[in-house]
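Everything on this sheet refers to the single structure shown next.
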């Protein structure tokens, strides 16, 4: 007897899904979960979050008419099942690979991705924009924003809800709660109550009650109305959301179609402004290893499906993140004033290691970079030594606070900027391209970039000693070089670089982790008979004017190179050279920076090759400037 065709093979797009009877959806969900696990085992990526929303994803696409109905996923790392159901199953094993699918939602990838995401807490704001635009254009589609409980720690969420709650546009927000204890137990009674308060009869009864209250004296009507809402809030847990103007439904079991489908169907017919559906899910649902360790299976490398074992090297190389954490721990053992702050990324920034030793000096403030920066400023104002360890791309979210609360007051907050430069598979949204440019324009800043792990240790130590102004040091994602490290870093002279090797014709001035490529270029140029100096700037602010002046005066060509955008270190050097008159002396200057585009995801090596920041590109730049390009091509 032949095996039946899997249901997932019959569903290429959501329109196909909507042809299935409801009783088939649990089987489809199981197949979709299996497909997601198989795909991520091949590509690596975010796993736990996607497994937790399989039933919710199926239910949304089943009830709503996507893509006409707008579905916005917050962050987007839970959207792999969504991608499989929306015409991308044949490419799902290209996730996060060069030329393949993005690990997040992306407008250019599919009409089912109406809004790109990767940073959290944006979905409600975007959803409200879609809803207002819909009503302005007199359309009648639905807008659904799905947001996780972790994203609810960001202030932008409450700004959006406050705005949406004062308006009358219909907006459906689904709170995917897989961690926070903000709800009573989920059960049959809760599901029944959720179906009741989302139904049309309840809406009519609520409206009738409001009309009845309107005939009472205002003082009595207000008391009755508030008593009614608070009583319902005690049962349902939704008082906060009701106070912000949302009709609250929930919590409901996010893995039970008998709960999901009727509530979503009722929400679809809701006509009284914004509505919030609170859905309880389990991260990693349906895959035992991910259920047992949701933190370890949030983001994974390739793994064996049968055992869950991830294919990591037997001896893991030391990462820059680990070097930073160990250096900070060493300093904190000596100085009790050192504090560490992270914005929901303790393991990503290495501060989980710091917390094991100094739990009372470690602060995870949630996805709240703005708060993290100003909180650090408050600590600094009281004489403590805060280190705010935040990815370059995430620090962008707290820029106003960096300017007004830190730099303007010259408070010595130390910014440890992880993931500086290109980051590989996470792609455009997580690349640390802009921090040198956006911090370098601020008065009172000290900016450093580590060329290797030993330099990173020195910069951690140096920042401890900078007590009169803010400082920042940047370092890349990935493995360090593996060179021997000292017990403790040294204090660097502020604003002073170093000469690595002396030459006479070409000077290469590196800022950051391209120094290794600069040394490779030096060797290749040496074989071509071109004498080359290589220098490590260490600081972008203050600039080492003496070093730059010497390089410009003593060489025919000066090349600056950095893992950052235009407007950064190279621009600072050119500004100094122009204003000092050194450009008038005949020296050629070339700045090598990241291209002025948002680079797609790929391996880091291929990204830097596309960016023209490898050794061969440095050699080619020098050869062309010196008129020996034919030699380099041979």
Every residue in region 418-428 that is under 16 Å from residue 394 (Cβ atoms) and either in contact with a helix residue (DSSP H, G or I) (Cβ under 7 Å, 6 or more places away or on another chain) or in a loop (DSSP other than H, G, I, E, B) (or both), please. 418, 419, 420, 422, 423
Exactly one of these conditions fails for residue 41: (1) surrounded by fewer than 23 Cβ atoms within 10 Å (Cβ to Cβ); (2) outside any helix (DSSP H, G or I). Give me its number. (2)
Please find, within region 513-558, the residue that is farthest from the chain's Cα centre (by Cα) out of those that are within 19 Å of residue 455 (Cβ to Cβ) and assigned to a strand (DSSP E or B). 533
Report whether or not residue 250 is modelled with pLDDT under 95, within 30 Å of the chain's Cα centre (by Cα) and farther than 30 Å from residue 96 by Cβ. yes
Residues that are within 26 Å of residue 607 (Cβ to Cβ), in contact with a strand residue (DSSP E or B) (Cβ under 9 Å, 6 or more places away or on another chain) and in contact (Cβ under 8 Å) with a residue 12 or more places away in the chain: does region 400-412 have at least one? no
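Here is a yes/no grid of residues against (1) under 23 Å from the mean Cα position of the chain (by Cα); (2) farther than 30 Å from residue 602 by Cβ:
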{"position": "9", "(1), (2)": "no, yes"}
{"position": "16", "(1), (2)": "no, yes"}
{"position": "19", "(1), (2)": "no, yes"}
{"position": "24", "(1), (2)": "no, yes"}
{"position": "34", "(1), (2)": "no, no"}
{"position": "40", "(1), (2)": "yes, no"}
{"position": "67", "(1), (2)": "no, no"}
{"position": "74", "(1), (2)": "yes, no"}
Quick check on this structure: which one of 317, 289, 313 is modelled with pLDDT under 90 and closer than 20 Å to residue 352 by Cα? 317
Being crowded, with 24+ Cβ neighbours inside 10 Å and closer than 21 Å to residue 77 by Cβ narrows it down to one residue among 413, 423, 373, 365; which is it? 423
Checking residue 145 against (1) in a helix (DSSP H, G or I); (2) modelled with pLDDT of 95 or more, which single condition isn't satisfied? (1)
Any idea how many residues of region 73-120 are more than 18 Å from residue 46 (Cα to Cα) and touching a strand residue (DSSP E or B) at 6+ places or on another chain (Cβ under 6 Å)? 2
Restricting attention to region 531-545, which residues are in contact with a strand residue (DSSP E or B) (Cβ under 6 Å, 6 or more places away or on another chain) and closer than 17 Å to residue 557 by Cα? 532, 533, 534, 535, 536, 537
Yes or no: residue 456 over 22 Å from the mean Cα position of the chain (by Cα), surrounded by fewer than 20 Cβ atoms within 10 Å (Cβ to Cβ), modelled with pLDDT of 95 or more and outside the structural domain of residue 43 (by TED's automatic domain parsing)? no
Being in the same structural domain as residue 525 (by TED's automatic domain parsing), farther than 29 Å from residue 428 by Cα and part of a helix (DSSP H, G or I), is that true of even one residue in region 591-613? no
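The values are calculated or read from the model by the stated rules, or taken from the named source; none is laboratory data. Source: prediction; values computed, not measured. Virtual Cβ from ideal backbone geometry, glycine too; neighbours counted across all protein chains shown.
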